[in-house]
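The values are calculated or read from the model by the stated rules, or taken from the named source; none is laboratory data. Quick caveat, the model's predicted, so the values are computed rather than measured. Quick reminder, even Gly has a Cβ in these numbers, built from the backbone with ideal geometry, and neighbours come from all protein chains shown.
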Amino acid sequence: MFRRLFTSRSPLEPAPFWAGISYLILGFWAFVVLFPLYWLVVTSVKLPVHVNTGPVYLPFVDFQPSLHAWRYIFVDLRNDTLRPYVNTTVIALSSSVLALVLGTAAAYGLTRFTYRPKLGAVGLVIGWIGLAVVAVVLGVPWPLAVAVAMALAVVSVSALNHRFRRALGNQDVAFWLISQRILPPVAVVIPIYVLFQQLRLLDTRTALVITYTATNLPIVVWLMRDYFQSVPVELEESAAIDGAGRYQIFWLIVLPLALPGLVATFLFILVFAWNEYLLALFLSGANSQTMPLLVAAQNATRGPQWWYMSVLILIMILPVIVMAIVLERYIARGLLVGAIKG
């Protein structure tokens, strides 16, 4: 009997003793992970006296629960809570969808097509974009500055492209995209603020959607590029032999196969956009305030009133948690992108 506890029935099944140890460790770790969520829920139904006088853990046993914090957030501060919540939902979903659409197309292009842009031509384009930004800062209307910069870029690249020798490749483009995430946001937040100030887009959802899309786009390209590389190119070649066009192959074959990666990537960047604080602090005001700013403002003006903070944090994280639970089967497959190749 004792020997059976340490004997495995098969190479893929652990012995009963070690299986029990594994379950104990997993149970303890689940308790560590889930206890903060439980504490948020419990604190949200406490009165201030229950929070300030010492820790109490069990509703109806250690204390009598109350919904005063929920009533304060949803009734007394209804307008102050509803606007940031709607802003956060619209901005996070819009920017995540845009980043996913643009990043998925770019990732597929980097995987299936060969790009050889001339280094000098890229430098010319960046130079004209920089001059356009300077012109906007100096007071030139931004539509005029953008139109002139685009025209000059096209003319200069067409005239001088054949003189450049050194070219970039797909790996260089992919590395340049992901390198945008290496730069900390605090290093570029002031130029971004000045840019949107000149465009008169401060305190608008548009500014935050554009900024979050640009911020999350490299992540989408990097993750989806790895996923597209795991899709057999022979499937696309077979469809092309049968007469399918490139767009048909992309929409009808590649995207359905890449659905787990799309879902996992979407949820990943949605969390980033949902919780973003620094850029929203500089670019938003009363009209486009998001939930992270509301939580910080409540903490700054009223002090650490944990019963109110718990309610705000719960309504922030619950939609993401529910979405993760609903999409769990896709996320589990999508997180294994590139893990097995051969």
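When the range 208-248 is limited to residues that are of a type in the set (D, E, K, R) and either at pLDDT 90 or above or out of contact with any Lys or Arg (no Cβ under 8 Å at 6 or more places or on another chain) (or both), the one that is surrounded by the most Cβ atoms within 10 Å (Cβ to Cβ) turns out to be Arg225.
In the list Val56, Val49, which residue meets the criterion of being touching a Phe, Trp or Tyr at 6+ places or on another chain (Cβ under 7 Å) and more than 19 Å from Ile315 (Cα to Cα)? Answer to the check: Val56.
The rows are residues; the columns are (1) of a type outside the set (Val, Ile, Thr); (2) not in a helix (DSSP H, G or I).
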| position | (1), (2) |
| --- | --- |
| Val186 | no, no |
| Ile190 | no, no |
| Gln197 | yes, no |
| Thr215 | no, no |
| Arg225 | yes, no |
| Val231 | no, yes |
| Glu236 | yes, no |
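Looking only at residues in the range 164-196 that are basic (Lys, Arg) and in contact with a helix residue (DSSP H, G or I) (Cβ under 7 Å, 6 or more places away or on another chain), which one is nearest to Arg112 (Cα to Cα)? Filtering first and then ranking leaves Arg166. The range 251-314 holds helices (runs of 4 or more DSSP H) entirely within its bounds, and those carrying 2 or more residues that are polar (S, T, N, Q) map to 259-275, 291-302. Pairing each residue of the range 60-77 that is closer than 16 Å to Leu40 by Cα with any residue that is of a type outside the set (A, V, I, L, M, F, W, C), provided the two are 6+ apart or on different chains, yields C-beta distances under 6 Å for Phe63/His50; Pro65/Pro59; Ala69/Ser44; Ala69/Tyr308; Ile73/Thr81. Determine the pairs where a residue that is on the phi < 0 side of the Ramachandran plot, located within the range 175-201, has a partner that is outside any helix (DSSP H, G or I) with Cβ atoms under 6 Å apart, the partner being 6 or more residues away or on another chain. Here the result reads Phe196/Leu202, each pair linking the range 175-201 to a residue that is outside any helix (DSSP H, G or I).
Among the residues here, Pro48 does not qualify as modelled with pLDDT of 85 or more, closer than 30 Å to Ser288 by Cβ and outside the structural domain of Gln298 (by TED's automatic domain parsing). Every condition in (1) surrounded by 13 or more Cβ atoms within 10 Å (Cβ to Cβ); (2) closer than 30 Å to Val209 by Cβ; (3) more than 27 Å from the chain's Cα centre (by Cα) is met by Leu47 except one, and the failing one is (2). Scanning the range 258-286 for residues that are under 24 Å from Ser310 (Cα atoms) and of a type in the set (S, T, N, Q) returns Asn275, Ser284. Selection within the range 51-97: residues that are part of a helix (DSSP H, G or I) and charged (D, E, K, R). The member of this set that is farthest from Trp307 (Cα to Cα) is Arg83. The one condition from (1) farther than 28 Å from Phe268 by Cα; (2) surrounded by 17 or more Cβ atoms within 10 Å (Cβ to Cβ) that Leu100 does not meet is (1). Can you confirm whether the range 6-22 contains a residue that is exposed (fewer than 11 other Cβ atoms within 10 Å of the Cβ), among the hydroxyl-bearing types (Ser, Thr, Tyr) and over 34 Å from the mean Cα position of the chain (by Cα)? Within the range 6-22, one or more residues are exposed (fewer than 11 other Cβ atoms within 10 Å of the Cβ), among the hydroxyl-bearing types (Ser, Thr, Tyr) and over 34 Å from the mean Cα position of the chain (by Cα).
Just the residues that are surrounded by 15 or more Cβ atoms within 10 Å (Cβ to Cβ) and within 12 Å of Leu199 (Cβ to Cβ), please, taken from the range 141-153.
Of everything in the range 141-153, those that are surrounded by 15 or more Cβ atoms within 10 Å (Cβ to Cβ) and within 12 Å of Leu199 (Cβ to Cβ) turn out to be Trp142, Ala145, Val146.
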